[in-house]
Amino acid sequence: MAAICLVFFLAAALAATSGGEAAIVEHTFVVSQIKINHLCNDTLVTVVNGQLPGPTIEVTEGDSLVVHVINKSPTGLTIHWHGVKQQLNCWADGPGMITQCPIQPSKNFTYRFNVIGQDGTLWWHAHVGFLRATIHGALVIRPRSGPNSYPFPKPDEEIPIVIGEWWDVDLVHLETRVENRIYEDWPRSPTINGMLGDLSNCYGVTENNYILNVEIGKTYLLRIVNAAVHEEYNLKIAGHKFTVVAVDANYVKPYTTDTIVTASGETVDALLVADAPPGRYYMVAQAVQSPEPSPQIPVLISRGVVSYNYNTSEGSDDDGTPILAPELPDQHDATTSFYFRGNLTSLLPQPVPVNVDEHLLIAIDVGDICLYAGSPNCMVSKLNNISFELPTTTSLLQAHYNNNMSRSVSMLQELPSSPPMVEFGHSPTSKATIVRRVRHNTVVEIVFQNPYSSDLISNTNPMHLHGHDFFILGQGLGRYDMMKDVQAYNLVDPPARNTALVPIYGWMAIRFVANNPGVWFLHCHMEKHVSSGMALALVVENGHTLKATLPPPPEDYPSCDDQNSRVSDE
Ligand code: C2O
């Protein structure tokens, strides 16, 4: 043990001095239940190392990360490293029943992976049902050649801003409700770095604000993570502008805006210059809400404070000066998000593959699994008229690796390349474990189409792909028209991301090379949507060489042979 520590210490010391050597960064995540008090209630929540948000992991590009997960909670869980490409290492990706079975109570599992070829802000979260509401944290990847090599002015400080949502319910129970197609639960408030802010109160006692103390003239790199279970958030700071420099750990051309928009799963790196008259300014996270007939959420706003004063401490920065509030867009305004995204281009020209091998048109919609319309308890989410169901006895990756997916996954079905019908709306549908198989190195283009008529339920759906980044070629309102819309694709400098927001009443086109053998979850990042079926698994086959072949699972891999594996069903 001492020897290992010494090696680790030497490697870390070497990396620190030379800035060149890759290090092994080791963390232990003890998962347990604690009580957190908000809004007059003690709520029992499952967290990592007693913290919410959980610990920030910091690595340098090229480092190896080793995370020992020790499950001292009463439920099985997994951790997913959202946005980490996991080249040839699908076993460490983490989505429950997709790449592994949950780590059972009192069991451990060590995730080991390299962080290669990407830098910026990513994050990690539990990947079984709603548990990620309280099990998440930022993952900061610095460039190998040091912070002087940022393609933007070197910031004085770097600050993670984790937007979350506080639910004062039992999250395992919540998952069961959604699986029974009861969708009426909502978070009590968004949070900024775990704090609800002063718009939430219990008998007049306000919740604490997150406070960012700034010094005049300094530049702050905000590493913004939308770790919320559901909503898309506008982030504004009164009296200040942001310069967006990266999204999903991919650099973009610096883009100046007063509103940052992130959907669940997305990250944004933005510079904030403290150049306002000294004072106090609200930092506001406001949920963007779909209009009727989509179910209406309560108004979800959380406020933090950017403070130029120094006589402050967290929660009590009240020195009597008024706090300036930013003007907020209407909560149903989806155009701010649409334009924010449309203005993002990658910093450098991108190698966008020109010849597409597989075109997929995926219609996102709600369906009815009772064969008659009307009852709210029949409503599911679906992709090309199939509603996704997780396998129950084996993880898809294990089945795929053992070459017996069709035998061991009883409800297996291949995603059709296009929807069976053009009409949207609450139509009869069925459930299946949807997969789409592609050969190694297939160039895949996916157009996601939302319902586009305003009398239908339509949401902004953040579709997240594991194991790959993709290029966002275009987005539009209304119905995708191949002849016309392909002409407008950005094939020069499209942003690369791991999450693509399909605009309400519109479509979104992405393209990528399926170059990572394994089983990769592709799903809406709103938990109610994934739990109700808005998901599929992309199965990327092995190539012909060893370098294109998924190695065997790690030794302590949580396999599904233990029958109590499916946690969220209990
Ligand atoms: Cu951040 Cu499959 O999720």
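The values are calculated or read from the model by the stated rules, or taken from the named source; none is laboratory data. Owing to the predicted nature of the structure, the values given are computational and were not obtained by experimental measurement. We place every Cβ from the backbone using ideal geometry, glycine too, and count neighbours over all the protein chains shown. Each accessible area value is taken on the protein alone, full model and side chains, heavy atoms only, with ligands, DNA and RNA left out. Shrake-Rupley method; radii C 1.70, N 1.55, O 1.52, S 1.80 Å.
In the stretch 134-189, of all residues being hydroxyl-bearing (S, T, Y) and modelled with pLDDT of 95 or more, the one that is farthest from T60 (Cα to Cα) corresponds to S189.
Restricted to the stretch 174-203, and to residues that are assigned to a strand (DSSP E or B) and of a type in the set (A, V, I, L, M), which residue is surrounded by the fewest Cβ atoms within 10 Å (Cβ to Cβ)? Filtering first and then ranking leaves M195. For the stretch 477-498, enumerate the residues that are within 16 Å of the ligand (Cβ to nearest atom) and not charged (D, E, K, R). The one that is within 16 Å of the ligand (Cβ to nearest atom) and not charged (D, E, K, R): N498. Just to be sure, is H468 part of a loop (DSSP other than H, G, I, E, B), within 16 Å of the ligand (Cβ to nearest atom), within 20 Å of A246 (Cβ to Cβ) and not charged (D, E, K, R)? Yes; evaluated as a whole, the condition is true for this residue. Looking across the stretch 335-367 at every residue that is among the polar types (S, T, N, Q) and touching a strand residue (DSSP E or B) at 6+ places or on another chain (Cβ under 9 Å), the one that is most open to solvent (accessible area, probe 1.4 Å) is identified as N355.
Residues that are away from the ligand (no atom under 13 Å from the Cβ) and aliphatic (A, V, I, L, M) within the stretch 63-94 comprise L65, V66, V67, V69, I70, L77, L88, A92, listed in sequence order.
Here the stretch 78-128 is the region considered, the condition is being among the charged types (D, E, K, R) and open to solvent by 10 Å² or more (accessible area, probe 1.4 Å), and the residue that is nearest to N498 (Cα to Cα) is K85. Figure legend. Inter-residue proximity from the stretch 69-94: first residues closer than 23 Å to Q33 by Cβ, second residues open to solvent by 10 Å² or more (accessible area, probe 1.4 Å) and of a type in the set (D, E, K, R), beta-carbon distance below 6 Å, spacing 6+ or different chains. Indicated pairs: N71/K107. So which residues in the stretch 156-168 are more than 19 Å from I211 (Cα to Cα) and surrounded by fewer than 20 Cβ atoms within 10 Å (Cβ to Cβ), if there are any at all? The one that is more than 19 Å from I211 (Cα to Cα) and surrounded by fewer than 20 Cβ atoms within 10 Å (Cβ to Cβ): D168. Is there a residue in the stretch 60-68 that is over 24 Å from R144 (Cα atoms) and either assigned to a loop (DSSP other than H, G, I, E, B) or modelled with pLDDT of 95 or more (or both)? Among the residues of the stretch 60-68, at least one is over 24 Å from R144 (Cα atoms) and either assigned to a loop (DSSP other than H, G, I, E, B) or modelled with pLDDT of 95 or more (or both), which makes the answer yes.
Give the number of residues within the stretch 139-155 that are open to solvent by less than 80 Å² (accessible area, probe 1.4 Å), under 19 Å from V25 (Cβ atoms) and in contact (Cβ under 8 Å) with a residue 60 or more places away in the chain. Final tally of qualifying residues: 7. For the stretch 125-133, the criterion of being out of contact with any strand residue (DSSP E or B) (no Cβ under 7 Å at 6 or more places or on another chain) and away from the ligand (no atom under 13 Å from the Cβ) is met by none of the residues.
Taking the stretch 115-124 as the range and being touching a strand residue (DSSP E or B) at 6+ places or on another chain (Cβ under 8 Å) and away from the ligand (no atom under 12 Å from the Cβ) as the test, the residues that pass are V115, Q118, D119, G120, T121. Residues in the stretch 527-549 that are outside any helix (DSSP H, G or I) and either surrounded by 21 or more Cβ atoms within 10 Å (Cβ to Cβ) or within 16 Å of the ligand (Cβ to nearest atom) (or both): 9 in all. The residues of the stretch 204-234 that are of a type in the set (V, I, T) and open to solvent by less than 10 Å² (accessible area, probe 1.4 Å), listed by number, are V214, I224, V225, V229. Against the list (1) in a loop (DSSP other than H, G, I, E, B); (2) surrounded by fewer than 22 Cβ atoms within 10 Å (Cβ to Cβ), the condition S264 fails is (2).
Residue-level analysis places S64 outside the set of residues that are of a type in the set (G, A, S), over 26 Å from G20 (Cα atoms) and surrounded by fewer than 23 Cβ atoms within 10 Å (Cβ to Cβ). Within the option set G194, G217, being under 20 Å from P153 (Cα atoms) and more than 16 Å from the ligand (Cβ to nearest atom) holds for one residue only, G217.
A quick yes/no check of all residues on (1) assigned to a loop (DSSP other than H, G, I, E, B); (2) within 16 Å of the ligand (Cβ to nearest atom); (3) open to solvent by 30 Å² or more (accessible area, probe 1.4 Å):
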position	(1), (2), (3)
P451	yes, no, no
I457	yes, no, yes
H464	no, yes, no
I472	no, no, no
Q475	no, no, yes
A500	no, yes, no
N516	yes, yes, no
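Among (1) surrounded by 22 or more Cβ atoms within 10 Å (Cβ to Cβ); (2) more than 16 Å from the ligand (Cβ to nearest atom); (3) not basic (K, R), there is one condition H332 misses while meeting the rest; what is its number? Failed condition: (1). Residue count for the stretch 204-236, restricted to those that are of a type outside the set (K, R) and assigned to a strand (DSSP E or B): 16.
Taking the stretch 48-59 as the range and being more than 21 Å from Y150 (Cβ to Cβ), away from the ligand (no atom under 15 Å from the Cβ) and either crowded, with 18+ Cβ neighbours inside 10 Å or modelled with pLDDT under 95 (or both) as the test, the residues that pass are V48, L52.
For V447, the criteria (1) crowded, with 20+ Cβ neighbours inside 10 Å; (2) part of a loop (DSSP other than H, G, I, E, B) hold in every case but one, which is (2).
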